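Notes follow the structure.
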Amino acid sequence: MIEKRESIMVTGAGSGIGLETVRALLVRSTVDVIAIARNGRQRLDAELQAYPKRIHVIEQDLLAPDAMERIVAVVGKQRLVGLVHNAAELIKVAFGQYSREELLRVYEINVVIPVLLTQALTNRLAGHPNSHVVSISSMGGFQDSTKFPGLLGYSSSKAALACMAQCLAVEFADQGIRTNCLALGSVDTPMLRNAFPAYKAAATAAEMGHFIAEFTLTGHKHFNGKVLPVSTSTP
């Protein structure tokens, strides 16, 4: 069980944007960071060495049947002031070739897990004036944005995640929890390179991680129930 201090939880923290968000939170704030990643201790070794009292790594497969219960048990009575839903799944499949299993996996990781994790941690978030739930969506799921072939599952699930953030703002109206969604444009990550192998991204993972960290810390002061595009290009 984690010592009772103010913390921000980040899912998908083992690489890319999630890892850089964790790093930025450790550098730019004084809160503890709870990093969820399947191979977290190996991937976050440098951060564990540099901030041994402020970073807590939970090695957890979010698709495991008991994942929510295990995370809640580790968090204990820790006060969460932030929750960043960054873990995501992207597959590029030509329409007509999707399997039921592929679609269900994309939706479970990109939509169902954020709903269940937020629900499980509501009591840890409620009642704090700075509590902020940030969902990381994509411009692919932003209304009226350019869409790309092969990304129906990913883009539609990210649109659902954005809608979830807006719905949560209503659900949390009496609990003091703010919730917003960032629809990211192109960021240089393995996920983007998989979808667009020859494309040069507009932002690095470190740049976007810094932006997300700052928004998580301060965005609740100015936004609630909003889906905000973070993009200078297409995609």
Query raised in the report: Taking the Cβ of Tyr107 as the center, what net charge do the other residues with Cβ under 14 Å away carry, scoring Lys and Arg +1 and Asp and Glu -1?
Result: -1
Query raised in the report: Rounded to the nearest 500 deg cm²/dmol, what is the calculated helix-only ellipticity per residue at 222 nm for the chain, with -39500 (n - 2.57) per DSSP H run of length n ≥ 4?
Result: -11500 deg cm²/dmol
Report summary line: Around Val72 (Cβ within 12 Å, Cβ-to-Cβ, excluding Val72; K/R +1, D/E -1) the net charge comes to +1
Report summary line: Phi angles of the stretch 55-61, converted by Karplus (6.51 cos²θ - 1.76 cosθ + 1.60, θ = phi - 60°) into ³J(HN,Hα) in whole Hz with x for Gly and Pro, give 10, 10, 9, 10, 7, 8, 7
Report summary line: Here the gain from full extension of Gln175 to Glu69, 0.36 nm per residue of separation minus their alpha-carbon distance, amounts to 35.9 nm
**Report entry** Proximal charge balance of Gly153 [Cβ under 10 Å; K/R count +1, D/E count -1]
**Finding:** +1
Report summary line: Residue-ordered couplings for the stretch 91-105, obtained by feeding phi - 60° into the Karplus form 6.51 cos²θ - 1.76 cosθ + 1.60 and rounding to whole Hz (Gly and Pro as x), are 10, 10, 9, 5, 4, x, 10, 5, 9, 4, 5, 5, 5, 5, 5
Report task. Report, to two decimal places, the Cα Rg of the chain normalised by 2.2 N^0.38 Å (N = number of residues). Result -> 0.95
Report summary line: Amide H contacts under 5 Å for Arg79, restricted to residues at least 5 apart in sequence or on another chain and with H modeled in the peptide plane, are Arg5, Ser7
Query raised in the report: Mind listing the phi-derived Karplus ³J(HN,Hα) values for the stretch 214-219, rounded to whole Hz, using 6.51, -1.76 and 1.60 with θ = phi - 60°, and x for any glycine or proline?
Result: 5, 5, 4, 6, 10, x
Report summary line: Listed with the fewest Cβ neighbours within 10 Å leading, His210, His85, His56 appear as His210, His56, His85
**Report entry** Placed amide H near Ser138: partners under 5 Å, 5+ positions off or other chain
**Finding:** Leu184
**Report entry** Per-peptide average of other Cβ atoms within 10 Å, ordering 167-176, 11-20 highest first
**Finding:** 11-20, 167-176
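We did not get these values from a lab; they are worked out from the coordinates using the rules stated. Note that the structure is a prediction, hence the values are computed from the model and not measured. Virtual Cβ from ideal backbone geometry, glycine too; neighbours counted across all protein chains shown.
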